[in-house]
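As structure tokens, the structure follows; a few thoughts come after it.
The values are calculated or read from the model by the stated rules, or taken from the named source; none is laboratory data. The structure displayed is predicted, hence computed values, not measured ones. Using ideal geometry, Cβ is built from the backbone for each residue, glycine included, and neighbour counts are taken over all protein chains shown.
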Amino acid sequence: MSGDSPSIFIEPLASHHDRAAFSCGVEALDRYLRHQASQDVRKHVAAVFALVEGDKPAVLGFFTLSATSVRLSDLPESTAKKLPRYPLVPAILLGRLAVDRSRRGKGYGELLLIDALKRCLGAKDIGWMALIVDAEDEEAVAFYERYHFIRFSPASNRLFLPRATIASLAPRR
């Protein structure tokens, strides 16, 4: 995101962000951003982050993060055997991630995902074992698999990325 293009920022969703024109092609995601996201932020149900360009208020993409838990028995055995034998294990849910159709193919989905991963790693004061995502379709599954996400089962659109994997991807200081 360099060269002659204005700076791109990812920041917490706020009242000054213009969500009205956002269209990613999935009505449920468009509707969520326009009508539900602000309420989720106010009620601390989800943290919503907006991708914006320069000082323009238009939302070009967004993602949400919230706390969740996963049944240990739902995880692949190779992952479950490394965890304590609790019925539920804590995780972070990447509930939604979308890019406006006008910005597809510019790497903004990757930019949003990397920002989400960094924010998860920054959550050092709470326990969590993985980032979970429920992919919309096989195209979304393929997107997440390119970043080492693992399906819960071969036919599942639910994927996870272990915390240890995320930490190993982070640049060392």
inquiry  = Let me confirm something: among A91, A98, which residue is surrounded by 19 or more Cβ atoms within 10 Å (Cβ to Cβ), modelled with pLDDT of 95 or more and touching a Ser or Thr at 6+ places or on another chain (Cβ under 6 Å)?
reply    = A91
request  = Tally the residues that are surrounded by fewer than 14 Cβ atoms within 10 Å (Cβ to Cβ) and of a type in the set (S, T, N, Q), restricting the search to the range 53-83.
outcome  = 2
ask   = Within the range 58-74, can one find any residue that is touching a helix residue (DSSP H, G or I) at 6+ places or on another chain (Cβ under 7 Å), assigned to a loop (DSSP other than H, G, I, E, B) and under 20 Å from I150 (Cβ atoms)?
value = no
request  = Can you work out which of the residues in the range 26-57 that are assigned to a strand (DSSP E or B) and among the small types (G, A, S) is nearest to G107 (Cα to Cα)?
outcome  = A50
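Does V141 satisfy the criteria of being more than 17 Å from the chain's Cα centre (by Cα) and either outside any loop (DSSP other than H, G, I, E, B) or acidic (D, E) (or both)?
no
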Complete set of residues in the range 140-169 that are hydroxyl-bearing (S, T, Y) and either more than 22 Å from K81 (Cα to Cα) or surrounded by fewer than 16 Cβ atoms within 10 Å (Cβ to Cβ) (or both) = Y144, Y147, S153, S156, S168
remark   = Within the range 20-48, the count of residues that are more than 20 Å from E136 (Cα to Cα) and not charged (D, E, K, R) comes to 7
request  = Give me a count of the residues in the range 101-113 that are surrounded by 15 or more Cβ atoms within 10 Å (Cβ to Cβ) and part of a helix (DSSP H, G or I).
outcome  = 6
request  = Quickly run through the range 75-86 and pick out the residues that are without any contact (Cβ under 8 Å) to a residue 12 or more places away in the chain and either acidic (D, E) or assigned to a helix (DSSP H, G or I) (or both).
outcome  = E77, S78, A80
task = Go through the range 144-172 residue by residue and tally those that are assigned to a strand (DSSP E or B) and among the hydroxyl-bearing types (S, T, Y).
result = 0
query = Can you name the residue in the range 124-139 that is closer than 28 Å to A28 by Cα and of a type in the set (G, A, S) and is also surrounded by the most Cβ atoms within 10 Å (Cβ to Cβ) among such residues?
reply = A130
